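Student: Handing you this structure, nothing more for now.
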Amino acid sequence: MRKTLLDAALPIGALIAALLVFGVFVRLGGVSPVQTWVLLFEGAFGDWFSWQNTLTRAAPLMLTALCVALPARAGLVIIGGEGALVLGGLAAAGLPYLTPLPGNVIGTVLLCAAAFAVGAAWIALAGALRQYRGVNETISSLLLAYTAIAIFKQLVEGPMRDPATLNKPSTRSLDEALRIGGIAGSDVHWGLVIGVVACIVLGLWLALTARGFAVRVVGGNPRTAQLVGLPASALILLACGLGGGCAGLAGAIEVAAVQTNANASLIAGYGYAGILVSFIARHNPFAIIPVAILFGGFGAAGSLLQRRLDLPDASVQVLQGIAFVMILASEALRGVDWKAAGARFRRSAVRGDVQVAAAGTST
């Protein structure tokens, strides 16, 4: 119970510290921190309209966070989910170019399956480079993300461009029957349900299945995994593939539920925000759900801060950056023996008093 409370307390404390530092940041700009905090949560959760905007933004964050969390449980630090997302969205928008699709749920499922496969292959490539060529997966996944964005722009602005899109190059819009609609007539699309289900299913897979346990062993104790003969490379590629597939699925959902086609708006930074969500959730798929909703709310509140307080819309990104630094700092406190640290501090203080007294006596 003590460990569980500590696991929860450190991220919460880091978020509170990030909000306090963000308050200092806006105060330097001549804005009241208290008013900023109030508007931040009002824009995220103040009314039903805010909730709809928050939940819509939370759906891709859940899936891109899984792209970080699953490889992390296998011992890899993957930060290239943005590349898998944009290629997944491109695959969903481009599949109708290759073959006619049935105008029903099956067609939508095929779009999502194509996006999942492309995203899985892209992130699995980073895992393969690490396992078979010794390339650092953090660097390779980031470079692959830049490569994916370049491929996306080349195709959207070139061969796949719809001639009717003049000012904003885009692919052809998906047929109405292939799009993902809202839940019960709201603006919250079914992608939110997909994200929640993915987090729950993959969380149960990690916790309850033999293969999920093997992935955790490979990530937690590689020597033990080697001694018991676990196929480490295959398990790492599996974790990377599942995570990348989730990010690709996020791209398909953005295309089918929000954008209706592939365009530059798909490069919205969800892949990078998913890194923060995963680290705050400590790579726990179940914890990713509430954390993604929280940061989806922060993203939704950016426009309100801009309208009411004349703060730049990018201020929310500053908050996210501060939160990430605080989370990394809080991880350094994990595992500290506070009793031993307190005893060392008291002994140091006593030695200091003795030295001061000795110096005074000699004088």
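The values are calculated or read from the model by the stated rules, or taken from the named source; none is laboratory data. Everything numeric in this text was worked out from a predicted model, so none of it was measured. So basically every Cβ, Gly included, is an ideal-geometry build from the backbone, and we count neighbours across all protein chains shown.
Student: Of the residues GLY299, GLY245, only one is at pLDDT below 90, closer than 30 Å to GLU176 by Cβ and of a type outside the set (Phe, Trp, Tyr); which? Can you show your working first?
Tutor: Values: GLY245 fails: at pLDDT below 90.
Result: GLY299 is the single residue among GLY299, GLY245 that is at pLDDT below 90, closer than 30 Å to GLU176 by Cβ and of a type outside the set (Phe, Trp, Tyr).
Student: Only one of ARG211, ARG223, ARG216 is more than 26 Å from the chain's Cα centre (by Cα) and of a type outside the set (A, V, I, L, M, F, W, C); which? Reasoning before the result, please.
Tutor: Numbers: ARG211 fails: more than 26 Å from the chain's Cα centre (by Cα); ARG216 fails: more than 26 Å from the chain's Cα centre (by Cα).
Exactly one of ARG211, ARG223, ARG216 is more than 26 Å from the chain's Cα centre (by Cα) and of a type outside the set (A, V, I, L, M, F, W, C), namely ARG223.
Student: Considering every residue within region 245-253, establish whether at least one is closer than 28 Å to GLY296 by Cα, surrounded by 15 or more Cβ atoms within 10 Å (Cβ to Cβ), in contact (Cβ under 8 Å) with a residue 24 or more places away in the chain and out of contact with any Leu (no Cβ under 7 Å at 6 or more places or on another chain). Can you show your working first?
Tutor: Filtering region 245-253 for residues closer than 28 Å to GLY296 by Cα gives 245-253.
The next check asks that each one be surrounded by 15 or more Cβ atoms within 10 Å (Cβ to Cβ); those that pass are 245-253.
Cutting the leftovers down to in contact (Cβ under 8 Å) with a residue 24 or more places away in the chain gives us 245-253.
From what's left, out of contact with any Leu (no Cβ under 7 Å at 6 or more places or on another chain): 245, 253.
The answer is yes; a qualifying residue exists.
Student: I've got another one for you. Given the criteria modelled with pLDDT of 95 or more and surrounded by fewer than 17 Cβ atoms within 10 Å (Cβ to Cβ), does ALA150 qualify?
Tutor: Details: modelled with pLDDT of 95 or more: yes; surrounded by fewer than 17 Cβ atoms within 10 Å (Cβ to Cβ): yes.
When the stated conditions are applied, ALA150 passes them.
Student: It is to be established whether one or more residues within region 159-172 are surrounded by fewer than 18 Cβ atoms within 10 Å (Cβ to Cβ), acidic (Asp, Glu) and part of a helix (DSSP H, G or I).
Tutor: No: region 159-172 contains no residue that is surrounded by fewer than 18 Cβ atoms within 10 Å (Cβ to Cβ), acidic (Asp, Glu) and part of a helix (DSSP H, G or I).
Student: Looking at LEU61, LEU20, LEU85, which is the one that is within 16 Å of the chain's Cα centre (by Cα) and over 21 Å from LEU129 (Cα atoms)? Steps first, please.
Tutor: Numbers: LEU20 fails: within 16 Å of the chain's Cα centre (by Cα); LEU85 fails: over 21 Å from LEU129 (Cα atoms).
Criteria check complete, one pass: LEU61.
Student: Could you please let me know if ASP313 is farther than 23 Å from ILE275 by Cα, of a type in the set (Asp, Glu) and at pLDDT below 85?
Tutor: Values: farther than 23 Å from ILE275 by Cα: no; of a type in the set (Asp, Glu): yes; at pLDDT below 85: yes.
No, not satisfied.
For every residue, the table says whether it meets (1) out of contact with any helix residue (DSSP H, G or I) (no Cβ under 6 Å at 6 or more places or on another chain); (2) free of Cβ contacts under 8 Å to residues at least 40 places away in the same chain; (3) crowded, with 22+ Cβ neighbours inside 10 Å.
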{"position": "LEU85", "(1), (2), (3)": "no, no, yes"}
{"position": "ALA93", "(1), (2), (3)": "no, no, yes"}
{"position": "TYR97", "(1), (2), (3)": "yes, no, no"}
{"position": "PRO100", "(1), (2), (3)": "yes, yes, no"}
{"position": "GLY107", "(1), (2), (3)": "no, no, no"}
{"position": "PHE116", "(1), (2), (3)": "no, no, yes"}
{"position": "TRP122", "(1), (2), (3)": "no, no, yes"}
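Student: Checking the condition in contact (Cβ under 8 Å) with a residue 40 or more places away in the chain, crowded, with 23+ Cβ neighbours inside 10 Å and outside any helix (DSSP H, G or I), which residue from LEU63, LEU76 passes? First the steps, then the outcome.
Tutor: Numbers: LEU63 fails: outside any helix (DSSP H, G or I).
Residue meeting the stated conditions: LEU76.
Student: Filtering region 173-191 down to residues that are part of a helix (DSSP H, G or I) and either surrounded by 16 or more Cβ atoms within 10 Å (Cβ to Cβ) or at pLDDT 95 or above (or both), which residue is nearest to the chain's Cα centre (by Cα)?
Tutor: First pass over region 173-191, keeping only residues part of a helix (DSSP H, G or I): 176-178, 183-185, 191.
If we keep only those that are either surrounded by 16 or more Cβ atoms within 10 Å (Cβ to Cβ) or at pLDDT 95 or above (or both) too, we end up with 178, 191.
Working: LEU178: 26, GLY191: 15 Å.
Per the criteria, the residue is GLY191.
Student: In this structure, is ILE253 more than 28 Å from GLY75 (Cβ to Cβ), touching a strand residue (DSSP E or B) at 6+ places or on another chain (Cβ under 8 Å) and at pLDDT 85 or above? Give the derivation first.
Tutor: Details: more than 28 Å from GLY75 (Cβ to Cβ): yes; touching a strand residue (DSSP E or B) at 6+ places or on another chain (Cβ under 8 Å): yes; at pLDDT 85 or above: yes.
Answer is yes for this residue.
Student: What pairs come out if I take residues in region 161-186 that are in contact (Cβ under 8 Å) with a residue 24 or more places away in the chain and pair them with residues that are exposed (fewer than 14 other Cβ atoms within 10 Å of the Cβ) whose C-beta lies under 7 Å away, six or more apart or interchain?
Tutor: These pairs meet every condition: ASP175/GLY103; ALA177/GLY103; ALA177/ASN104; LEU178/GLY103.
Student: Kindly indicate the residue of region 79-92 that is assigned to a helix (DSSP H, G or I) and in contact with a Leu (Cβ under 7 Å, 6 or more places away or on another chain) and also farthest from ALA257 (Cα to Cα) among those meeting that condition. Spell out how you get there, then give the answer.
Tutor: Restricting attention to region 79-92, the residues satisfying the condition of being assigned to a helix (DSSP H, G or I) are 81-92.
Pick out the ones that are also in contact with a Leu (Cβ under 7 Å, 6 or more places away or on another chain) and you get 83, 86, 88-90, 92.
Working: GLY83: 19, VAL86: 15, GLY88: 14, GLY89: 11, LEU90: 14, ALA92: 11 Å.
Only one residue fits best here, namely GLY83.
Student: Moving to a separate point now. With the structure loaded, tell me whether GLY244 is in contact with a Cys (Cβ under 7 Å, 6 or more places away or on another chain), under 18 Å from GLN320 (Cβ atoms) and part of a helix (DSSP H, G or I) or whether it fails that test.
Tutor: On the way: in contact with a Cys (Cβ under 7 Å, 6 or more places away or on another chain): yes; under 18 Å from GLN320 (Cβ atoms): no; part of a helix (DSSP H, G or I): yes.
No; evaluated as a whole, the condition is false for this residue.
Student: Still on this structure, I have one more. Right, ARG282: in contact with a helix residue (DSSP H, G or I) (Cβ under 9 Å, 6 or more places away or on another chain), of a type in the set (Lys, Arg), in contact (Cβ under 8 Å) with a residue 40 or more places away in the chain and in a loop (DSSP other than H, G, I, E, B) or not? Steps first, please.
Tutor: Working: in contact with a helix residue (DSSP H, G or I) (Cβ under 9 Å, 6 or more places away or on another chain): yes; of a type in the set (Lys, Arg): yes; in contact (Cβ under 8 Å) with a residue 40 or more places away in the chain: yes; in a loop (DSSP other than H, G, I, E, B): yes.
Against the criterion (in contact with a helix residue (DSSP H, G or I) (Cβ under 9 Å, 6 or more places away or on another chain), of a type in the set (Lys, Arg), in contact (Cβ under 8 Å) with a residue 40 or more places away in the chain and in a loop (DSSP other than H, G, I, E, B)), ARG282 qualifies.
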